[in-house]
1. Could you identify the single residue in Ala98, Ala151, Ala162 that is touching a Leu at 6+ places or on another chain (Cβ under 9 Å), under 21 Å from Asp47 (Cβ atoms) and not in a strand (DSSP E or B)?
2. Can you find even one residue in the range 120-135 that is at pLDDT below 95 and closer than 16 Å to Asp47 by Cβ?
3. Quick one: is Val63 at pLDDT below 95, part of a helix (DSSP H, G or I), among the β-branched types (Val, Ile, Thr) and closer than 30 Å to Trp32 by Cβ?
4. Only one residue in Pro141, Pro74 is open to solvent by 20 Å² or more (accessible area, probe 1.4 Å) and either out of contact with any strand residue (DSSP E or B) (no Cβ under 7 Å at 6 or more places or on another chain) or closer than 16 Å to Leu184 by Cβ (or both), so which one is that?
5. Restricting to the range 80-90, what's the tally of residues that are open to solvent by less than 40 Å² (accessible area, probe 1.4 Å), over 12 Å from Ile44 (Cβ atoms) and of a type in the set (Val, Ile, Thr)?
6. Closer than 30 Å to Glu169 by Cα and touching a Ser or Thr at 6+ places or on another chain (Cβ under 9 Å): which single residue out of Leu80, Leu116, Leu87, Leu26 fits that description?
7. Collect the residues in the range 91-116 that are open to solvent by less than 50 Å² (accessible area, probe 1.4 Å) and over 22 Å from Gln163 (Cβ atoms), keeping them in residue-number order.
8. Got a sec? Which of Asp47, Asp39 is farther than 18 Å from Asp120 by Cα and open to solvent by 30 Å² or more (accessible area, probe 1.4 Å)?
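The values are calculated or read from the model by the stated rules, or taken from the named source; none is laboratory data. Predicted model only: the values in this text are computed from it and were never measured. Virtual Cβ from ideal backbone geometry, glycine too; neighbours counted across all protein chains shown. Side chains are part of the model used for accessible areas, which takes the heavy atoms of the whole protein and leaves out ligands, DNA and RNA. Shrake-Rupley method; radii C 1.70, N 1.55, O 1.52, S 1.80 Å.
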Amino acid sequence: MPNTPPPDFASLSLAEIARLAEEHRLPPVESWNPSHCGDSDMRIARDGTWFHQGSPISRPAMVRLFSTILRREPDGRYVLVTPVEKLDIAVEDAPFVAVELKVEGEGESMRLAFRLNTGDSVLAGREHPLRIEAREDGPHPYLMVRKGLEALVARTVYYELAQLALTQEGTPPGVWSQGTFFPLEPGE
């Protein structure tokens, strides 16, 4: 249920996190194709704060609800979509922010779970890869959340990943999750 507060991430095992992520049912936004209706007058800031008409949305349950109807269009635009309307929403960087990391295992057996600013959990792996984008102001790490929607990995979480990478052997430095290796350097 989108309106149910998420459980305390730190107290969950990775098995519980995986189960919760699997149970999290999302509306079938990919199958909804209403006519474009205009602008939502909403914006998602780089830090993950959602705004409506210039004011922050202060109710976490509302942000979680809106996040479930968010979709990325083939042309790169972000929209909020229901069966009857489609509204543009401005996104400054990524629509989600990965704010907490939980690690289980070591080396190739390692599993990495991330808590998003919306309370959702994502297990990094083949379907949810990590990538690093090089920019003038330094590396920007991202985690695929779902169908073209990514989470910017918060700087503190990126530092945790970098620390993990330093404990691993091999070049380039990186981390494993669910049998997939993710280099922690910008891709080509």
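1. Numbers: Ala98 fails: not in a strand (DSSP E or B); Ala151 fails: not in a strand (DSSP E or B).
So the residue among Ala98, Ala151, Ala162 that is touching a Leu at 6+ places or on another chain (Cβ under 9 Å), under 21 Å from Asp47 (Cβ atoms) and not in a strand (DSSP E or B) is Ala162.
2. No, the range 120-135 contains no residue that is at pLDDT below 95 and closer than 16 Å to Asp47 by Cβ.
3. Details: at pLDDT below 95: yes; part of a helix (DSSP H, G or I): yes; among the β-branched types (Val, Ile, Thr): yes; closer than 30 Å to Trp32 by Cβ: yes.
Taking the combined requirement at face value, the residue satisfies it.
4. Answer to the check: Pro74.
5. Number satisfying all stated conditions: 2.
6. The match here is Leu116.
7. Selection gives Val91, Asp93, Ala94, Pro95, Phe96.
8. Being farther than 18 Å from Asp120 by Cα and open to solvent by 30 Å² or more (accessible area, probe 1.4 Å) holds for just one of Asp47, Asp39, which is Asp39.
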